[in-house]
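Asker: Below is a structure I'd like to ask you about.
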Amino acid sequence: MIYRPAKAYINLSSLAHNLRLIKQLAPNSKVLAVIKANGYGHGICRVAQQLSNADGFAVASLDEALLLRQKGFLHRILLLEGLFTAAELPQVLHNRLDLVIHSQYQLEWLLAHRHSVALNVWIKIDTGMHRLGFHPDAVQSVVQSLMESDNSYQLNFMSHFASADELQVHSQAFTQQQIECFKTHCQAWDYKCSLANSAGILHYPESHLDWVRPGILLYGAGVPIKPRHPFKPVMRLESQVIALKWIPAGDFVGYGNRWQAKKDTYVGVIAIGYGDGYPRHAKDGTPVVVNGERVPLIGRVSMDMITVDLSHQVDKVKVGDRAILWGDALLSVDEVAQCADTIGYELLTGITLRVPFIEVNG
Ligand SMILES: *Cc1c(COP(=O)(O)O)cnc(C)c1O
């Protein structure tokens, strides 16, 4: 039995809905559903189950891939960062996993290991983000070394956008450059290509190519806060009001006396805090939905609690009333993230172990 009211509801049908929308947006591309980091914090196995219509999955480690294989998923599964150690390679081959190679040392590990089954290799090209990937000028020689090897490889190309989600003119120009660079260096070969993450899918149809790699969109986040869009949030974080009180004008609320009442204020305490994964940096005014209305956070977020101004609900709010922290039609995780100077990704992946996950449908 869990008595604490903080809970994360996972709407399973929203996952399938969001995948359908992505397929409509990129009708000529296969979909590699990105479910790294425990399915962006939603639970990797339940997410994979709902997304079994995807053409493949992408994860960040062999551990995640093996878990999926263990659960019986036969999809293509791509290790986005490739091998961390040479010792992983036999397991990759045995489990028929797809592998990114982004650096020379990984190429050497591949070439040093003789195997009879063909390996799906995704050569990652650094088109300007300067995180992972071979310099575009090195691609020719990477392809050549793999082709000259006695091993059998199926080759693919991929790259990653640095700022496709930022719509300022200079970011758009940068993204266009990345697309150009990628296409220029791939076109010499007939291999499959993958470039677009969620933002690429939404804003750059010319980047869809053979495979799109949506992550955050699958979870119904990472979309502009306005105007309304058709993606549905998958996680709804909820808790309850556990205390109510009037405080006089001039008094403070919470640690460090960050918030001071300008007038008499009806303060509500909600059982959610940074110990649950609610962001400690949420500013005064961060919206919380109580009884179907947005009310402002007041005072610092504590480990187990937050405080909100319920002066407009004096006659209706009671202890035990439901509070929604994000994932409601009135309040997206992206908006809360913005109020805490972060991104929805971080909030979704940051829900802590003490919060129970409850699966719901529709
Ligand atoms: C995480 C990741 C994605 C998905 O990004 P979103 O912004 O969540 O769509 C795609 N490609 C790579 C290489 C990634 O690491």
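The values are calculated or read from the model by the stated rules, or taken from the named source; none is laboratory data. Worth saying up front: this structure is predicted, and the values here are computed from it rather than measured. Glycine also receives a Cβ, built like all others from the backbone with ideal geometry; neighbour counts cover every protein chain displayed. Only protein heavy atoms, including side chains, enter the accessible area calculation; ligands, DNA and RNA are left aside. Shrake-Rupley method; radii C 1.70, N 1.55, O 1.52, S 1.80 Å.
Asker: Let me spell it out: the conditions are (1) among the charged types (D, E, K, R); (2) assigned to a strand (DSSP E or B); (3) surrounded by 15 or more Cβ atoms within 10 Å (Cβ to Cβ), and residue 245 meets all of them except one. Which number is the exception?
Answerer: Unmet condition: (3).
Asker: Just the residues that are surrounded by 23 or more Cβ atoms within 10 Å (Cβ to Cβ) and over 19 Å from the mean Cα position of the chain (by Cα), please, taken from the range 194-208.
Answerer: Result: 207, single match.
Asker: Please list, ordered by residue number, the helices (runs of 4 or more DSSP H) wholly in the range 1-95 having 1 or more residues that are within 25 Å of residue 343 (Cβ to Cβ), touching a helix residue (DSSP H, G or I) at 6+ places or on another chain (Cβ under 9 Å) and away from the ligand (no atom under 16 Å from the Cβ).
Answerer: Helices (runs of 4 or more DSSP H) meeting the threshold: 12-25, 44-50.
Asker: Here's another thing I want to ask about it. Given the structure, is residue 280 surrounded by fewer than 20 Cβ atoms within 10 Å (Cβ to Cβ) and at pLDDT 95 or above?
Answerer: Here the answer is yes, as residue 280 does meet what is asked.
Asker: Still on this model: Can you tell which of 275, 250 is at pLDDT 95 or above and exposed (fewer than 14 other Cβ atoms within 10 Å of the Cβ)?
Answerer: 250
Asker: For the range 322-338, check the following and say yes or no: at least one residue is touching a helix residue (DSSP H, G or I) at 6+ places or on another chain (Cβ under 7 Å), modelled with pLDDT of 95 or more and open to solvent by 80 Å² or more (accessible area, probe 1.4 Å).
Answerer: no
Asker: Sticking with this one: Counting residues that are within 16 Å of the ligand (Cβ to nearest atom), which helices (runs of 4 or more DSSP H) fully inside the range 99-215 reach at least 3?
Answerer: In the range 99-215, 169-186, 198-203 are the helices (runs of 4 or more DSSP H) which contain 3 or more residues that are within 16 Å of the ligand (Cβ to nearest atom).
Asker: I'd like to verify a number: residues in the range 339-362 that are farther than 18 Å from residue 166 by Cα and either in contact with a strand residue (DSSP E or B) (Cβ under 9 Å, 6 or more places away or on another chain) or at pLDDT below 95 (or both), how many?
Answerer: Total meeting the criteria: 11.
Residues checked against (1) aromatic (Phe, Trp, Tyr); (2) modelled with pLDDT under 95; (3) farther than 14 Å from residue 123 by Cβ; (4) buried (at least 22 other Cβ atoms within 10 Å of the Cβ):
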| site | (1), (2), (3), (4) |
| --- | --- |
| 74 | no, no, yes, no |
| 78 | no, no, no, yes |
| 85 | no, no, yes, no |
| 91 | no, no, yes, no |
| 94 | no, no, yes, no |
| 103 | no, no, no, no |
| 112 | no, no, yes, no |
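Asker: Under 6 Å between Cβ atoms, which residue pairs at least 6 apart in sequence (or on different chains) link something in the range 11-40 that is at negative phi and in the same structural domain as residue 69 (by the TED database) with a partner that is within 11 Å of the ligand (Cβ to nearest atom) and open to solvent by 20 Å² or more (accessible area, probe 1.4 Å)?
Answerer: Once the first residue is at negative phi and in the same structural domain as residue 69 (by the TED database) and sits in the range 11-40, its partners that are within 11 Å of the ligand (Cβ to nearest atom) and open to solvent by 20 Å² or more (accessible area, probe 1.4 Å) give 36/60.
Asker: Another one. When you look at residue 288, is it open to solvent by less than 30 Å² (accessible area, probe 1.4 Å), of a type in the set (Val, Ile, Thr), more than 30 Å from residue 16 (Cβ to Cβ) and assigned to a strand (DSSP E or B), yes or no?
Answerer: Against the criterion (open to solvent by less than 30 Å² (accessible area, probe 1.4 Å), of a type in the set (Val, Ile, Thr), more than 30 Å from residue 16 (Cβ to Cβ) and assigned to a strand (DSSP E or B)), residue 288 does not qualify.
Asker: Checking residue 180 against (1) within 23 Å of residue 110 (Cα to Cα); (2) without any contact (Cβ under 8 Å) to a residue 12 or more places away in the chain, which single condition isn't satisfied?
Answerer: Unmet for residue 180, out of (1) within 23 Å of residue 110 (Cα to Cα); (2) without any contact (Cβ under 8 Å) to a residue 12 or more places away in the chain: (1).
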